[in-house]
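Have a look at the structure below, then the notes.
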Amino acid sequence: MKKQISFGQALATVIGSVIGAGVFFKIGSISQSTESASATILVWLLAGVISICSGLTVSEIAAALNVNGAIEYLDYSYGNIWGFLFGWAEMTVYFPAQIAALASIFGQQFVVLAGLPASSSKWIAAGVVLLLFLINMLGTKASAWMQSVITVIKLIPLFLIIVFAIIRPQVSVSLWPVTVDSSGGWLAGISQGLLSALFAFEGWIVVTNLAKEMKNPKKDLARAIILGLSLVTVVYVLVNYAFMAILPFDKIIGNDNTAYYASLKLFGQAGGKIVTVGILLSVYGACNGFMLTGMRTPYILAQANRLPGSEKLAKTSVRSGVPVFSALLINAIALIMISLGNFEILTDMLVFVMWTFTTLLSVAVILLRKREPDLARPFMTPAYPVIPLISIIGGLFIIVMTVINQFALSMIGLSITLLGLPVYYWKELH
């Protein structure tokens with residue numbers, strides 16, 4: 001596959017994959033956990049710090065190893081079975097579920113904006129998947145270029161909300177001292193809110209699947225991850241502050257339509273349409289980001305002959321250089337999930353699994369520093385070992401809290417991942 005992805009396109013993929021629907025909807029659940037404006041902002045900052053620390057940590061491996069993504073990082077650090085299970089989890093549920101969920105949100109918002117029957121939302125969602133599939137078939141350069149354009153466009157409504165809220169605040173927001181009014185106490189309020197906020201940062205690691213197609217991966221991949229996560233954190237904090245500067249906090253708690261009502265108050269009747277268009281663009285860009293990177297997972301596994309049908313899955317189009325059969329596999333699963341409508345549950349399950357592997361990658365940085373001290377590291381995690389430890393502690397927090405709060409779902413997610421073991425050993429024997 002050609003080396004044609006620039007730093008700017010990689011950066012747009014990070015931002016575009018992370019900023020989806022969460023920036024518009026998460027404040028309702030977070031504020032319900034903290035019941036405090038100051039603690040809500042603190043939660044977003046903490047989530048950003050943990051995500052940036054994870055990005056800084058994983059970037060050391062990304063820069064040191066000239067391989068394709070987290071699958072091969074895990075192969076190198078722990079052995080092939082760990083990389084395969086990560087890829088299996090991504091391929092069977094994570095990427096298809098993300099694409100299906102985002103496309104379905106697009107369909108639901110579009111029918112509201114266009115005044116269409118609610119029953120047509122699934123057809124629109126399927127149409128979005130097929131349209132993005134066709135765009136990606138034009139080639140990596142075309143889909144990466146579109147990702148860059150959509151990322152810039154979808155930031156415009158967020159920028160307008162932030163600017164107008166700062167210029168014309170309608171509510172006084174106190175950020176200090178930080179207080180938590182949760183009935184469960186300070187720790188419970190912060191931890192539950194942090195869990196919701198961290199989910200909104202999900203998706204940044206997918207850009208590692210594009211490593212072999214980047215023009216200068218050893219330099220640009222780490223920069224794209226770190227700068228991308230930093231910008232996302234700034235956007236999340238400012239947008240949520242803007243919401244609280246527009247609406248009384250008691251109107252935000254548990255309100256999934258906070259963004260809509262805030263825009264309505266700022267811009268009048270046109271505000272609802274503005275924020276709906278913003279959500280559509282945001283979701284569309286995130287969906288393309290997951291499609292662009294997701295089709296690389298079965299391709300990477302197939303290149304090493306680790307999947308049934310590897311010969312076809314490893315083929316790329318002569319004209320576009322895109323792994324067509326791998327793209328068809330991911331999108332076929334996504335379309336099935338759209339028809340079933342259970343994609344949100346599947347996504348929740350795999351968040352647990354994805355953070356398990358992300359934490360393993362953070363541990364791998366410490367492991368490789370001891371095992372291979374002479375390994376060339378173009379980028380080294382700063383403030384070592386503090387930043388990797390923050391990343392590991394943050395990852396363990398997500399894993400433990402998910403098991404406590406969603407035990408059945410996390411166990412099902414783990415079981416689906418372990419279903420990859422028979423496939424792995426069957427291919428090893430053949």
Quiz item: Can you pull out the residues in region 54-71 that are of a type outside the set (Val, Ile, Thr) and open to solvent by 10 Å² or more (accessible area, probe 1.4 Å)?
Solution: Leu56, Ala64, Leu65, Asn66, Asn68
Quiz item: So which of Val152, Val93, Val112, Val129 ends up being within 27 Å of Glu213 (Cα to Cα), open to solvent by 50 Å² or more (accessible area, probe 1.4 Å) and either at pLDDT below 80 or touching a helix residue (DSSP H, G or I) at 6+ places or on another chain (Cβ under 9 Å) (or both)?
Solution: Val152
Quiz item: List pairs: first in region 192-206 and on the phi > 0 side of the Ramachandran plot, second in a loop (DSSP other than H, G, I, E, B), Cβ under 8 Å, 6+ apart or cross-chain?
Solution: Gly203/Gly20
Quiz item: Within region 361-377, how many residues turn out to be in a helix (DSSP H, G or I) and surrounded by fewer than 16 Cβ atoms within 10 Å (Cβ to Cβ)?
Solution: 3
Practice problem: Output the number of residues of region 268-299 satisfying the condition of being of a type in the set (A, V, I, L, M, F, W, C) and closer than 20 Å to Ala114 by Cβ. | Solution: 9
Quiz item: Among the residues of region 249-300 satisfying the criterion of being more than 30 Å from Ile333 (Cβ to Cβ) and basic (Lys, Arg), which is least open to solvent (accessible area, probe 1.4 Å)?
Solution: Lys265
Quiz item: Got a number for residues in region 348-393 being of a type in the set (S, T, N, Q) and over 24 Å from Val93 (Cα atoms)?
Solution: 2
Quiz item: Would it be correct to say that Ile416 is surrounded by 13 or more Cβ atoms within 10 Å (Cβ to Cβ), part of a helix (DSSP H, G or I), modelled with pLDDT of 90 or more and out of contact with any Phe, Trp or Tyr (no Cβ under 8 Å at 6 or more places or on another chain)?
Solution: no
Quiz item: How many of the residues making up region 133-149 are more than 26 Å from Ile333 (Cβ to Cβ) and either at pLDDT 75 or above or over 21 Å from the mean Cα position of the chain (by Cα) (or both)?
Solution: 1
Quiz item: With respect to Phe86, is the statement that it is among the hydrophobic types (A, V, I, L, M, F, W, C), crowded, with 23+ Cβ neighbours inside 10 Å, in contact with a Gly (Cβ under 8 Å, 6 or more places away or on another chain) and within 18 Å of Glu202 (Cα to Cα) true?
Solution: no
Quiz item: Can you tell me which residues in region 10-46 are aliphatic (A, V, I, L, M) and under 30 Å from Trp145 (Cβ atoms)?
Solution: Ala10, Leu11, Ala12, Val14, Ile15, Val18, Ile19, Ala21, Val23
Self-check item: The lone exception for Asn305 - which of (1) polar (S, T, N, Q); (2) in a helix (DSSP H, G or I); (3) in contact (Cβ under 8 Å) with a residue 40 or more places away in the chain it fails
Solution: (2)
Quiz item: So which residues in region 378-402 are touching a residue at least 40 places away in the same chain (Cβ under 8 Å), over 14 Å from Ser51 (Cα atoms) and open to solvent by 40 Å² or more (accessible area, probe 1.4 Å), if there are any at all?
Solution: Pro378, Phe379, Met380, Pro382
Quiz item: Does region 52-78 hold any residues that are closer than 9 Å to Ser391 by Cβ and of a type in the set (Ser, Thr, Tyr), and which are they?
Solution: Ser54, Thr57
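Residues checked against (1) surrounded by fewer than 19 Cβ atoms within 10 Å (Cβ to Cβ); (2) over 20 Å from the mean Cα position of the chain (by Cα); (3) at pLDDT 75 or above:
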site: Asp181; (1), (2), (3): yes, yes, no
site: Gly189; (1), (2), (3): no, yes, no
site: Leu195; (1), (2), (3): no, no, yes
site: Lys215; (1), (2), (3): yes, yes, yes
site: Leu227; (1), (2), (3): yes, no, yes
site: Leu247; (1), (2), (3): no, yes, yes
Practice problem: Report, by residue number, each residue of region 22-38 that is of a type outside the set (D, E, K, R) and open to solvent by 10 Å² or more (accessible area, probe 1.4 Å). | Solution: Gly22, Phe25, Ser29, Gln32, Ser33, Ala37
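The values are calculated or read from the model by the stated rules, or taken from the named source; none is laboratory data. The model shown is predicted, which means the values in this text are computed figures rather than measured ones. Positions of Cβ are generated from backbone atoms using ideal geometry, with glycine treated the same way; all protein chains shown enter the neighbour counts. Areas reflect the complete protein model, heavy atoms only, side chains present, ligands, DNA and RNA absent. Shrake-Rupley method; radii C 1.70, N 1.55, O 1.52, S 1.80 Å.
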